[in-house]
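The values are calculated or read from the model by the stated rules, or taken from the named source; none is laboratory data. Because the structure is a prediction, the values reported are computed rather than measured. Because the Cβ atoms are built from the backbone with ideal geometry, glycine has one as well, and the counts that use them run over all protein chains shown. The protein model used for the area step is the full one, side chains on, heavy atoms only, and it has no ligands, DNA or RNA in it. Shrake-Rupley method; radii C 1.70, N 1.55, O 1.52, S 1.80 Å.
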Amino acid sequence: MKKLILTAIAVFTLTFVNAQDGGFAKGDIFLSGSFGYNSTSTGDIKDNSFEFTPRAGFFVSDNIAVGARLGFTTSKQETPITEDLKTNTFNAGAFGRYYFTPSNKFSIFGELGLEYASSKTEQGPGELKINGFGVNVGPGVSYFLSDHFALEAFWGALGYATAKPDVDNAESTNAFTFGLDLDDINLGLVYKF
């Protein structure tokens, strides 16, 4: 659903914006992010989720951008047999990017990101809190549609994440990922000030 919405925004932007010379330079500020809504149902079981993840970046030099991102995801599963299952997750992170061709209309970049995540799951009277952090490195591309708008694609290539429930004697879950999964590309629209 998220990819469908972002594709619609891209088509709308391409239709109404004339392409100009784009690109980034030292001192530029940009905003981007993602949002999504999913709803599925199987018989009497319903799943709904909403995600909102804004990010902002600043070019400290012609090739290097640093920034921060926040994220909020909420999901709810309704079943006729058990209590509803609700999960809220909050993320906060920082990233650094190196742009190989920053002043061109088409730019290639590498990103290093760090992130903290905290989630709370409730079902009936019980709740479970989980805290964790992650780090990832991956490539991305941006293409300027005008002086201020660009399309962006990013996918993770190398990552590590750990999460631990907030209960006594809990074991942490550690995950290491490597690979270019082209089925999991994050698409976005960037606005440059």
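Once the principal axes of the Cα atoms of the range 122-179 are found, what is the range along each, listed largest first in whole angstroms?
53, 28, 13
Starting from the Cα-Cα distance between Thr177 and Tyr116, subtract it from 0.36 nm times their residue separation and give me the gain in nm to one decimal.
That works out to 20.2 nm of additional length.
Report, in degrees rounded to the nearest 10, the 0 to 90 angle that the Cα long axis of helix 2-16 makes with the longest principal axis of the chain.
It is inclined by approximately 30 degrees.
Using the charge dipole of the chain (Lys, Arg: +1 at Cβ; Asp, Glu: -1 at Cβ; taken about the Cα centre), state which of Gly36, Pro80, Val167 has its Cα farthest towards the positive end.
Comparing the listed Cα positions along the dipole, Gly36 ranks first.
Quick check: convex hull of the Cα atoms in the range 18-111, volume per residue, rounded to a whole Å³?
In the range 18-111, the Cα convex hull volume per residue is 119 Å³.
For Thr177, Thr79, Thr42, give me the order by solvent-accessible area with a 1.4 Å probe, most accessible first, ignoring ligands, DNA and RNA.
Thr42, Thr177, Thr79
Over the range 45-193, what is the relative contact order in percent, taking alpha-carbon pairs closer than 8 angstrom and at least six residues apart?
Value for the range 45-193: 15 percent.
Return the carbon/sulfur percentage of the accessible area of the chain, one whole number, probe 1.4 Å, all protein chains in place.
It is 61 percent, rounded to a whole number.
Rounded, prolate or oblate: which fits the range 42-91 when a ≥ b ≥ c are the square roots of the eigenvalues of the alpha-carbon gyration tensor, with rounded for a/c under 1.5 and prolate only if a/b beats b/c? Don't skip to the end; give the middle numbers.
Working: a/c = 7.88, a/b = 4.27, b/c = 1.84.
Since a/c reaches 1.5 and a/b is larger than b/c, the shape of the range 42-91 is classed as prolate.
Taking every pair of alpha-carbon atoms in the chain, give the share separated by more than 28 Å as a whole percent. Can you show the working numbers first?
Numbers: 6529 of 18528 pairs.
Counting pairs separated by more than 28 Å, the tail of P(r) holds 35 percent.
Using the reciprocal of the averaged 1/r over all distinct C-alpha pairs, how large is the Kirkwood radius of the range 61-170 in Å?
Evaluated on the range 61-170, it is 16.6 Å.
Can you pull the accessible area of Phe176 for me, 1.4 Å probe, Å² to the nearest 10?
150
How much length, in nm to one decimal, is gained on full extension between Asn104 and Lys46, taken as 0.36 nm per residue of separation minus their Cα-Cα distance?
Here the segment from Asn104 to Lys46 would lengthen by 16.3 nm.
Given a cut-off of 25 Å, name the pairs among Lys46/Lys164; Lys76/Lys192; Lys46/Lys120 whose C-alpha atoms lie farther apart than that in the structure shown.
Lys46/Lys164; Lys76/Lys192
Going toward the positive end of the dipole of the range 41-193, with +1 on Lys and Arg Cβ and -1 on Asp and Glu Cβ, which of Ala153, Ile45, Val66 do you reach last?
Val66
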